[in-house]
Every structure is written in structure tokens, then in C-alpha cells.
1. Could you tell me whether residue 53 is out of contact with any strand residue (DSSP E or B) (no Cβ under 7 Å at 6 or more places or on another chain), open to solvent by 90 Å² or more (accessible area, probe 1.4 Å) and at pLDDT 95 or above?
2. Restricting attention to strands (runs of 3 or more DSSP E) lying wholly within segment 59-135, give those where 2 or more residues are surrounded by fewer than 21 Cβ atoms within 10 Å (Cβ to Cβ) and over 18 Å from the mean Cα position of the chain (by Cα).
3. Take the residues in segment 249-262 that are open to solvent by 10 Å² or more (accessible area, probe 1.4 Å) and among the polar types (S, T, N, Q); name whichever of them is farthest from the ligand (Cβ to nearest atom).
4. If residue 489 meets every condition in (1) more than 25 Å from residue 390 (Cα to Cα); (2) open to solvent by 20 Å² or more (accessible area, probe 1.4 Å); (3) touching a helix residue (DSSP H, G or I) at 6+ places or on another chain (Cβ under 7 Å) apart from one, which number is that one?
5. State all residues of segment 138-159 that are more than 9 Å from the ligand (Cβ to nearest atom), surrounded by 22 or more Cβ atoms within 10 Å (Cβ to Cβ) and not in a loop (DSSP other than H, G, I, E, B); if no residue qualifies, say none.
6. Give me the residue from segment 448-470 that is assigned to a loop (DSSP other than H, G, I, E, B) and in contact with a helix residue (DSSP H, G or I) (Cβ under 6 Å, 6 or more places away or on another chain) and, out of that set, surrounded by the fewest Cβ atoms within 10 Å (Cβ to Cβ).
7. Only one of 519, 488, 472 is of a type in the set (Ser, Thr, Tyr) and without any contact (Cβ under 8 Å) to a residue 12 or more places away in the chain; which?
Amino acid sequence: MLLRQINNIAIGIFIASLIPLYILYLQPNYRALTFNLTINIQMKNTSNNKKIILLKKELDKVGIKYEETKGEYFPTYSQMHNRAAIIPQIVVSPCSDWGVARVLSLLTSLEIYENTSVSVRSGGHGYFNGASCDGIMINLSMMDNCDLNENIISLQPGCILGKIIYLLHQNNKALPHGDCFDVHAGGHFTTAGWDFILSKKYGLGCQHVESAKIVLWSGETLVVNEHSHPDILWSLKGGAAAEIGVVTELNLKVIEAPSTASWCLKLMSKNQLKVCVANKTFLKAHHLPREISVSFRIHFEPGYSEPMCSFNVFSLFSISETLKILRQELGETVVKIIENSDDWKTGSILDVRMITASDYLTETPEAISEVTSEKLRRSPLTYWEETSWKREMVDSYFTTLSSWSIPDCDQMFLDLINACEKIKDHPLKWRMYILTASGGAKIKEKRCSMELGEVLTRFELHWDEPNGEDEYYAKEFTEDINIIIQKYRDSGPKRIYRGDIWLAEQGYCEKLEKIKAKYSLSTNKISSHKLTCSSLVMR
Ligand SMILES: Cc1cc2nc3c(=O)[nH]c(=O)nc-3n(C[C@H](O)[C@H](O)[C@H](O)COP(=O)(O)OP(=O)(O)OC[C@H]3O[C@@H](n4cnc5c(N)ncnc54)[C@H](O)[C@@H]3O)c2cc1C
């Protein structure tokens with residue numbers, strides 16, 4: 001009885017609330033407004049669909065490849081490293097400068113930028129997924145030429161690091177760059193290029209860019225160098241080209257390959273780590289010559305139940321010379337931990353690049369010349385050492401952190417090891433690492449469009465199934481790690497390392513925004529600058 005009464009009251013209130021709406025509906029203006037709104041939305045969708053049909057027709061006419069994915073799948077040649085990346089409706093894959101210019105001209109003349117997002121993908125390895133969007137992805141993986149002429153290496157954006165490693169090796173040249181063979185030149189050499197062996201002395205890969213070709217969103221192509229558009233050249237050195245268009249060629253100055261490389265990756269027990277911490281080893285290592293880079297890496301290693309800290313030394317000196325310097329700078333007690341000759345290796349830069357490679361590739365490093373993006377995905381363990389692949393290279397879901405740390409951060413390693421001990425019984429322990437590298441490539445004499453710190457700390461944790469227990473666990477653990485890393489944060493640099501950003505806004509820089517505004521405005525064929533920029537997912 002009571003229930004029925006409550007029901008009647010509720011129905012009464014509902015009907016009463018409709019009366020003012022009905023009165024409003026009787027007003028001619030309101031009816032016109034709602035009608036117009038519906039028509040506008042319909043027209044917008046229809047005209048947008050028409051624009052896309054026209055775009056496809058034009059692409060067919062000029063023979064530029066595209067694939068309609070309808071937001072359901074990534075074609076294998078345009079996959080993203082982060083499986084959580086949004087899937088585009090259409091993937092357009094030009095294979096030349098001309099093709100890129102043609103695509104961007106079409107997007108401009110058809111006014112597609114106005115209500116469709118557009119993104120640019122080279123290798124899809126950016127952590128923040130800026131290369132993908134829910135509209136049109138311009139995929140550059142088909143533009144994969146690379147060429148070396150004297151001291152300049154010319155790269156198309158779709159060239160993979162694996163191919164670059166081989167070309168440099170063949171010519172006895174070198175360049176600082178990352179260790180994942182499948183990272184592509186387009187994103188890497190405009191935002192990153194940090195490594196263990198060369199970047200402390202020679203700067204980041206992106207700091208080596210000497211000239212480039214870039215197609216503005218309007219379709220206009222610019223040649224960029226010290227004399228022509230030097231502001232864009234600056235933005236290419238770590239500022240993702242200020243998001244003013246699509247980079248179709250990068251020319252970087254290479255160095256002669258160093259004659260010697262030696263390295264030691266020593267797994268330490270917790271007690272050995274305590275010795276390092278007590279001796280302020282990491283802080284002291286920071287003052288080593290630029291030829292010697294030290295990093296500490298925390299991870300789980302097969303055969304050990306506890307988390308391990310690896311004491312990594314990379315040097316451009318011989319082993320004996322390196323140990324002599326380490327003895328002087330770090331002290332005998334610490335060097336005792338790493339002095340065993342079995343822990344040291346010496347070889348070429350090519351050998352250093354193979355540290356995370358499979359046994360097969362380590363023994364036959366020249367086989368890197370055969371590696372392609374597709375093979376790395378189809379048969380990863382032919383090329384990668386399994387544990388490295390699982391915690392870093394594999395396409396998966398993941399959380400990532402990156403922060404500039406203060407050099408005086410030895411205690412952080414003990415805090416991190418203690419935190420990692422808590423996950424030693426969880427299967428996700430195999431899917432993470434925390435790396436802190438001294439000498440974060442802060443080369444003052446080289447221009448760079450990102451502010452660099454002295455020490456770089458980064459963390460990753462991967463899982464395979466979305467929205468499950470693993471994801472929940474991973475996010476909680478990431479938060480624990482973040483709290484520790486933030487305690488040792490270097491508050492000097494205002495932004496994090498550009499190649500590591502995992503949120504688009506972390507790339508924001510006022511100076512880059514000014515460059516973006518300057519070159520977007522010059523594209524007077526685009527009707528509304530504001531609309532264009534906000535509709536672009538390029539960040
Ligand atoms: C497994 C892994 C290992 C890594 N190792 C290292 C390392 O050792 N050292 C290091 O410094 N960094 C490293 N990185 C970071 C990596 O170098 C950067 O994230 C880089 O930007 C990826 O480039 P990409 O072309 O593969 O990615 P993409 O996702 O295709 O590009 C990254 C960003 O650049 C934009 N972009 C790409 N190409 C162009 C273009 N031609 N024109 C204009 N904009 C473009 C994209 O829109 C996107 O916003 C690593 C990343 C991963 C996932």
C-alpha cells in the first residue's frame with residue numbers, strides 16, 4: 001500500500017516536471033533552436049562523411065595507400081607499442097615527401113582538420129600515444145630510407161633504429177640513440193636519443209640534427225637548417241618539431257665510432273647495494289669523466305627470489321683504465337664489488353647495442369641488417385633476450401614514470417629495493433624495471449629544445465590484459481614507486497625528458513608554442529588556426 005502511494009507521488013512529480021519543458025517547446029524560438037541543432041549535427045556528420053569520401057577518392061587517384069580500420073584494428077604496419085592506444089578510423093601511409101605533402105594539402109583543402117583528429121606516426125613507440133587518434137593516422141613506416149654521406153646520416157622517419165645501427169657500423173660511425181631496435185627515427189631523433197655509452201659525452205641523438213625537411217599542416221614543404229627557419233631546427237632538437245607539421249627527412253651529424261667500449265653489468269646483493277649507498281657511490285659517479293657512464297637498474301632476475309640492483313658501467317676507455325679511474329673516484333671498497341674480470345666485457349659500439357639482444361643476435365650482430373619492424377613483432381625472441389623483451393620492448397599495456405633526479409640520490413635505491421621486495425611473489429615482478437642513469441646527457445655546449453637534468457630515473461611496468469586485477473595492481477605499485485622517485489626529484493628542469501612523456505601536457509613549452517603559432521598562422525589556406533590546432537592530436 002505504502003509502496004503504491006510512493007509510486008503515485010513519483011509519477012506525479014515526473015509529469016509536473018515535464019510541464020515547463022512542454023511550455024518551452026511551444027515557444028517557436030526554442031523549437032527552431034532544437035531543430036537547428038539536430039540539423040547542424042546531421043549536416044556536420046554528413047559533410048564530414050562527404051569530405052572523407054572525397055579524400056579517399058583523391059588518395060585513390062594519386063595512388064597513396066590508405067586502410068579503413070573503422071576504429072577496430074591497427075594494420076600490422078602501423079601498430080602502437082602501447083596496446084591501450086586509441087585506434088584510428090583511417091590509416092594513410094604515404095611513401096614519399098611528395099605523398100606527405102599531397103595528403104596534408106588534401107586535408108587542408110577539404111577542411112578535414114576542422115572536425116577530424118589527425119595524428120602522425122613513425123614507429124608508434126611514444127609512451128603518450130600522440131601518434132594515434134580517433135580520426136586519421138598518417139603512418140610513415142613506409143618511408144624508411146637511410147643513407148650515410150661523409151659525416152651526415154639522412155633518415156626518413158620510418159627508418160628503424162635496427163637499420164641505423166647497421167648503417168653506422170658498416171661505415172665505422174656512431175650516434176647516440178636508444179636501445180630498442182623498433183623505435184623509429186621520426187619520433188626518436190626529434191624527442192630523444194639517450195643511451196648508456198655515448199650520450200654522456202656526445203649529447204642526445206636529437207641534438208645532432210643539422211637539417212631537415214618538414215611539411216607544414218597546409219602541405220607546404222620547408223627545408224630547415226641553421227640559415228633557413230633556425231627556430232624550427234631548434235624545435236627539432238628535442239621539441240618534437242613544435243608540432244607544426246610532418247618531418248619527412250632528418251639529417252644528423254655522426255661521430256667516428258669510438259675504438260673501445262667496455263662495460264660491466266654487475267648484479268648486486270642488497271648488502272652490496274648498502275655498501276654503495278654508504279659510500280655515496282652514485283653521487284661520486286656523477287663526477288666521473290664524460291667517457292664513463294654509471295647507472296643503477298632495479299629489476300627481478302631469473303634465478304633470484306629478491307629484487308636485484310644492477311651496477312652498470314659503460315666506458316669509452318679500456319677495462320683497466322676504467323677500473324683505475326673508478327678506484328680513484330669511487331674508492332677501493334666499492335670497486336671490489338665490480339672488479340672481477342668475468343663481469344667485464346669489451347667490444348665495439350655494435351656489441352654494446354646488442355646488450356638486450358637474443359643470443360643469436362649477440363653472436364651474429366650483423367644480422368641486425370635483416371631486422372624489420374614486422375619481424376620484431378612476429379618473432380620477437382629471435383632478436384630480443386626474453387627478460388628484456390618482457391619488461392620493456394613488448395607491445396602491451398603499461399604504466400611508466402620518468403623524472404630528473406638529484407645526483408645525491410643513493411638512498412633512493414634502498415627505498416626502491418624495499419618497495420620492490422613487496423611484489424616478489426607477484427607474477428608482474430618480471431614485467432618491471434627502474435633505471436637511474438647518471439649524466440642524463442646534459443651537454444651544455446649543445447643546443448637542445450628540452451631542459452635537461454643531471455640524472456634520469458625511469459620506471460616501467462607492463463601487463464597483458466586490460467581492466468583486470470593486473471592493471472589494478474600495477475597502478476597501485478606505480479603510485480608507490482612514484483612517491484619514492486618524487487622524493488629525490490630534481491626541481492631544476494621544468495619538464496620531464498621529452499622522449500619519456502606519458503601525458504601530452506608534459507610536453508608543453510611556451511617557446512615551442514610560439515613557434516607552433518608562427519608556422520600554423522603562415523598556413524593561411526587553413527580557415528581557422530584555432531580549430532585546426534585543437535583538432536590535431538599531434539602533441
Ligand atoms: C621500448 C622503448 C624503448 C625506448 N628506448 C629509448 C632509449 O633507449 N632512449 C631514448 O632516448 N628513448 C627511448 N624510448 C623513447 C622513444 O625514443 C620516444 O618515445 C620516441 O619518440 C619514439 O619514436 P617513434 O617514432 O617510434 O614513436 P611515435 O609514437 O611514432 O612518435 C612519437 C611522437 O612523435 C611524433 N612524430 C613521430 N614522427 C613524426 C614525424 N615524422 N613528424 C612529426 N611528428 C612525428 C608522433 O606524433 C608522436 O607524438 C623508448 C621507447 C620505447 C617504447
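The values are calculated or read from the model by the stated rules, or taken from the named source; none is laboratory data. These numbers were taken from a predicted model, which means no experiment stands behind them. A quick note on method: Cβ atoms are made from the backbone with ideal geometry, for glycine too, and the neighbour counts reach across all protein chains shown. With ligands, DNA and RNA removed, areas are computed over all heavy atoms of the protein, side chains included. Shrake-Rupley method; radii C 1.70, N 1.55, O 1.52, S 1.80 Å.
1. When the stated conditions are applied, residue 53 passes them.
2. Once the strands (runs of 3 or more DSSP E) in segment 59-135 are filtered for at least 2 residues that are surrounded by fewer than 21 Cβ atoms within 10 Å (Cβ to Cβ) and over 18 Å from the mean Cα position of the chain (by Cα), what remains is 65-68.
3. 259
4. (3)
5. Selection gives 153, 155.
6. 448
7. It is 472.
Okay, residues lined up against (1) farther than 20 Å from residue 326 by Cα; (2) outside the structural domain of residue 481 (by TED's automatic domain parsing):
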{"residue": "200", "(1), (2)": "no, yes"}
{"residue": "204", "(1), (2)": "yes, yes"}
{"residue": "212", "(1), (2)": "yes, yes"}
{"residue": "224", "(1), (2)": "yes, yes"}
{"residue": "248", "(1), (2)": "yes, yes"}
{"residue": "279", "(1), (2)": "no, no"}
{"residue": "292", "(1), (2)": "no, no"}
